[in-house]
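One structure below.
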Amino acid sequence: MMQLSKLITGAGLSLFLSFTAAAETLSDSLDNWKNVYPYGEVKKSGESLALISTGNWFLLSKARYSDFILEADVKMPAVDKEYSNSGIIFRAQVGTKKDGTQYAYGYQAEVDPSDRKWSGGLYEQGTARQWLFPQHKTRSKPGEKFKKNLSPEWTDKKANAYKHTQWNHYKIKAQGEHIQIWVNDVLTVDVIDSNLSEGHVGIQHHGSAKFKNHGDRTNTVLFKNIQITPL
């Protein structure tokens, strides 16, 4: 009986170790990423990835994922008189424009430092659906594939989970049609949606006019500890 118990314990430990070993830290190397756009820059800065771009841009993972837990830390810059916005795209696809250039589209966990305070909201980048939650007055067309919102109020707690110019921890869980987003351990999104089932993950820089016109890198977005665990 003792030997059997040891065998079972050993097997359980082996299973646990194999599960934890499946987690991949994407921010460890630039080799994990690709740029499908004709613009956008990323640099490895210590443990962080530093993003700057002239236009709305997503740096995509080379690998594709279906069901997963993705965690990342993001820090937005303090900018003066310039728009600053970011996000984490997931289950992303690559499309091609009429001019032959490529772009990413898919679900996006929003990083929104504006007075609107929609950080942690769910947006669908590059499609007509746009804001899935919270609902926008003119830019929300979720359609039939948006099946259920399990946490349908955008509360003060959700709105204030994000802390500007500080490191913010994002967690995204996508399992089948069930999508959840947390910002600093606050559940902001809990929905059932069937539009996308797999794809790339990626990190965003929304673009900087000062960088485009003057080479000013003040509006640099930092990401670190980007870890994904397939489910």
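When Lys117, Lys157 are screened for being crowded, with 17+ Cβ neighbours inside 10 Å and out of contact with any His (no Cβ under 9 Å at 6 or more places or on another chain), only Lys117 passes. Among the numbered conditions (1) assigned to a strand (DSSP E or B); (2) open to solvent by 30 Å² or more (accessible area, probe 1.4 Å); (3) within 15 Å of Val201 (Cβ to Cβ), the only one that Lys147 does not meet is (3).
On the stretch given as segment 99-114, residues that are acidic (Asp, Glu) and loosely packed, with under 12 Cβ neighbours inside 10 Å total 1.
Selection of segment 43-98 for residues being at pLDDT 95 or above, among the acidic types (Asp, Glu) and either part of a strand (DSSP E or B) or open to solvent by less than 60 Å² (accessible area, probe 1.4 Å) (or both) yields Asp67, Glu71, Asp73.
Among the residues making up segment 30-42, those that are in contact with a helix residue (DSSP H, G or I) (Cβ under 8 Å, 6 or more places away or on another chain) and open to solvent by 20 Å² or more (accessible area, probe 1.4 Å) are Asn32, Val42. When the residues of segment 199-231 are filtered to those that are closer than 16 Å to Val42 by Cβ and among the hydrophobic types (A, V, I, L, M, F, W, C), the one that is most open to solvent (accessible area, probe 1.4 Å) is Leu222. Answer yes if at least one residue in segment 102-114 is part of a loop (DSSP other than H, G, I, E, B), without any contact (Cβ under 8 Å) to a residue 60 or more places away in the chain, under 25 Å from Lys158 (Cα atoms) and among the acidic types (Asp, Glu), and no otherwise. Checked against the condition, which is being part of a loop (DSSP other than H, G, I, E, B), without any contact (Cβ under 8 Å) to a residue 60 or more places away in the chain, under 25 Å from Lys158 (Cα atoms) and among the acidic types (Asp, Glu), segment 102-114 yields at least one hit. Restricting attention to segment 155-174, the residues that are over 19 Å from the mean Cα position of the chain (by Cα) and either in a loop (DSSP other than H, G, I, E, B) or touching a residue at least 40 places away in the same chain (Cβ under 8 Å) (or both) total 1. Do we find a residue being touching a helix residue (DSSP H, G or I) at 6+ places or on another chain (Cβ under 8 Å), open to solvent by 40 Å² or more (accessible area, probe 1.4 Å) and over 16 Å from Asn195 (Cβ atoms) anywhere in segment 125-144? No.
Scan segment 191-198 and tell me whether some residue there is touching a residue at least 24 places away in the same chain (Cβ under 8 Å), crowded, with 20+ Cβ neighbours inside 10 Å, closer than 29 Å to Gly40 by Cα and not hydrophobic (A, V, I, L, M, F, W, C). No: segment 191-198 contains no residue that is touching a residue at least 24 places away in the same chain (Cβ under 8 Å), crowded, with 20+ Cβ neighbours inside 10 Å, closer than 29 Å to Gly40 by Cα and not hydrophobic (A, V, I, L, M, F, W, C).
The values are calculated or read from the model by the stated rules, or taken from the named source; none is laboratory data. In this text the structure is predicted, and so the values were computed from the model without any measurement. Because the Cβ atoms are built from the backbone with ideal geometry, glycine has one as well, and the counts that use them run over all protein chains shown. Heads up: the accessible areas ignore ligands, DNA and RNA and are worked out on the full protein's heavy atoms, side chains in. Shrake-Rupley method; radii C 1.70, N 1.55, O 1.52, S 1.80 Å.
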